[in-house]
1. Here are 75, 121, 61, 89: which of them is over 18 Å from the mean Cα position of the chain (by Cα), in a helix (DSSP H, G or I) and either under 18 Å from residue 36 (Cβ atoms) or in contact (Cβ under 8 Å) with a residue 12 or more places away in the chain (or both)?
2. Looking only at the range 68-107, which residues are under 17 Å from residue 46 (Cβ atoms) and hydroxyl-bearing (Ser, Thr, Tyr)?
3. Regarding residue 81, is this residue more than 14 Å from residue 177 (Cα to Cα), crowded, with 23+ Cβ neighbours inside 10 Å and either out of contact with any Gly (no Cβ under 9 Å at 6 or more places or on another chain) or at pLDDT 95 or above (or both)?
4. Would you be able to say whether some residue in the range 29-41 is outside any helix (DSSP H, G or I) and either of a type in the set (D, E, K, R) or more than 21 Å from residue 170 (Cα to Cα) (or both)?
5. Among the residues of the range 57-78, are any buried (at least 16 other Cβ atoms within 10 Å of the Cβ), basic (Lys, Arg) and at pLDDT 95 or above?
6. Sort through 151, 138, 107 and tell me the only one that's in a helix (DSSP H, G or I) and closer than 27 Å to residue 90 by Cβ.
7. Any residue in the range 97-113 that is in contact (Cβ under 8 Å) with a residue 60 or more places away in the chain and touching a Lys or Arg at 6+ places or on another chain (Cβ under 6 Å)?
8. So which of 102, 150, 137 ends up being surrounded by fewer than 18 Cβ atoms within 10 Å (Cβ to Cβ) and under 25 Å from residue 6 (Cβ atoms)?
Amino acid sequence: MECMLTREQAWDIVCEFTKSEGLRKHALAVETCVVAYAKQLGEDELKWSVTALLHDFDWEIHPQAPDHPMLGERILAERGVDEETRRAILSHANYSGVPRVSPLEKVLYACDELAGFITAISYVKPNRSVFEVDGASVKKKMKDKAFARSVSRQDIIEGAQELGRPLEEHVEFCVKAMQARAAELGLAGNSATSG
């Protein structure tokens, strides 16, 4: 039977399948950006939170496309995760054949790669802090093909387009959202310890 998971239940699934601290932090970063959009758009924050947390839960056990997220979706179905959440997770992979139609699907796709990219930029800043990241630094790093090469710049650009937002505005929105949860995301930096 399908039901809406609580955030804790979703996080338990993430932790059950994801042992990497980096991937867990990625789930939290994507959730941060997605929930910020849910608030702005007046959408269901819990549903959007759960969807974002679960979007890559199976990455470690299915690291190859198309196993991720296809095989993961089956696990979520067996756990009773609702169809809207599972469909959004499928749609975040361009190769899934599931078109992004709903606001949730578009926002998840738009925030996934960008949250990872913002995290990567934070790690190379002098204080390893998201507070040192801004639109200009993201734009500059997007041009550097050697930096965080696993992050799809095309997905970041297309994500903003699908949202109907200028890329700069989308980037700034996500940076601000991540700054608001910097400590939890491990991106508050080390400047606090140097004082």
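1. Working: 121 fails: over 18 Å from the mean Cα position of the chain (by Cα); 61 fails: in a helix (DSSP H, G or I); 89 fails: over 18 Å from the mean Cα position of the chain (by Cα).
Exactly one residue qualifies, and that residue is 75.
2. 85, 102
3. Taking the combined requirement at face value, the residue satisfies it.
4. Taking every residue of the range 29-41 in turn, none turns out to be outside any helix (DSSP H, G or I) and either of a type in the set (D, E, K, R) or more than 21 Å from residue 170 (Cα to Cα) (or both).
5. No, the range 57-78 contains no residue that is buried (at least 16 other Cβ atoms within 10 Å of the Cβ), basic (Lys, Arg) and at pLDDT 95 or above.
6. Matching residue, one of 151, 138, 107: 107.
7. Checked against the condition, which is being in contact (Cβ under 8 Å) with a residue 60 or more places away in the chain and touching a Lys or Arg at 6+ places or on another chain (Cβ under 6 Å), the range 97-113 yields at least one hit.
8. Selected residue: 102, the only one of 102, 150, 137 that is surrounded by fewer than 18 Cβ atoms within 10 Å (Cβ to Cβ) and under 25 Å from residue 6 (Cβ atoms).
The values are calculated or read from the model by the stated rules, or taken from the named source; none is laboratory data. Keep in mind that this is a model prediction, so the values were computed, not measured. All Cβ positions, glycine included, derive from the backbone under ideal geometry; neighbour counts span all protein chains shown.
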